[in-house]
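Let me begin by presenting the structure, written as structure tokens, before commenting on it.
What follows draws every value from the coordinates through simple rules; no lab data is involved. As the structure is a computational prediction, the values presented were derived from the model and not from experiment. Every residue, glycine as well, gets a Cβ built from its backbone with ideal geometry; the counts of neighbours run over all protein chains shown.
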Amino acid sequence: MEETFFMIKPDGVRRGLIGKVLERIERRGFRIERLELRSSVSQTLIDQHYESLVEQPFYPAIRDFMMSGPLVVGILSGESAIASWRQMMGATRPEEALPGTIRGDFAQAAPLGQTIQNIVHGSDSVESAAREIALWFEKEH
Ligand code: IDP
Ligand code: MG
């Protein structure tokens, strides 16, 4: 069994997609170990979450987007949960995400130069899952 960290980003919450995303998680057979709606998150937390992107020129827009409304965070468990959840999310760019994936079914390409709004997040490795679970659920905020 493996754990991964997932998120329904502010665009997903705003568009009323919490239920549809959770329905897919349950249908796939993952166990939901933790689930919380966070109505506001600090800039520090978002910067730590996206520490590998902070130096990118487009990062401030990503941070603003991630702080633009409530988000849902959780922990899933299951066999190969990290890779399976990434497959269910689909490619980062909605125009490359296959139909049947969350991003391929619910998101559109971002206009040129704008932040990609792609509904969900999932840890991309064993190391980032451990780091993100600790960051969002084991520290005081
Ligand atoms: P991922 O969410 O598929 O793991 P990452 O490369 O980790 O993709 O990027 C994190 C998030 O930052 C993306 O989901 C997207 O919202 C945003 N993002 C990444 N690259 C770009 C870009 O080139 N332009 C606009 N937004 C981006
Ligand atoms: Mg990522």
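Quickly work out the SER52-to-ARG28 label distance, labels modelled 7 Å from Cα along the C-beta direction, and quote it in nm with one decimal.
1.8
Calculate the all-directions average of the projected area of the chain's alpha-carbon convex hull, and give it in nm². Numbers along the way, then the final one.
Details: hull surface 31.5 nm².
Convex hull of Cα atoms, orientation-averaged projection: 7.9 nm².
Give me D for the stretch 16-58 in µm² s⁻¹, whole number, from Stokes-Einstein with Rh from the Kirkwood sum over alpha-carbon pairs, 4 °C and 1.567 mPa s.
Here the translational diffusion coefficient equals 99 µm²/s.
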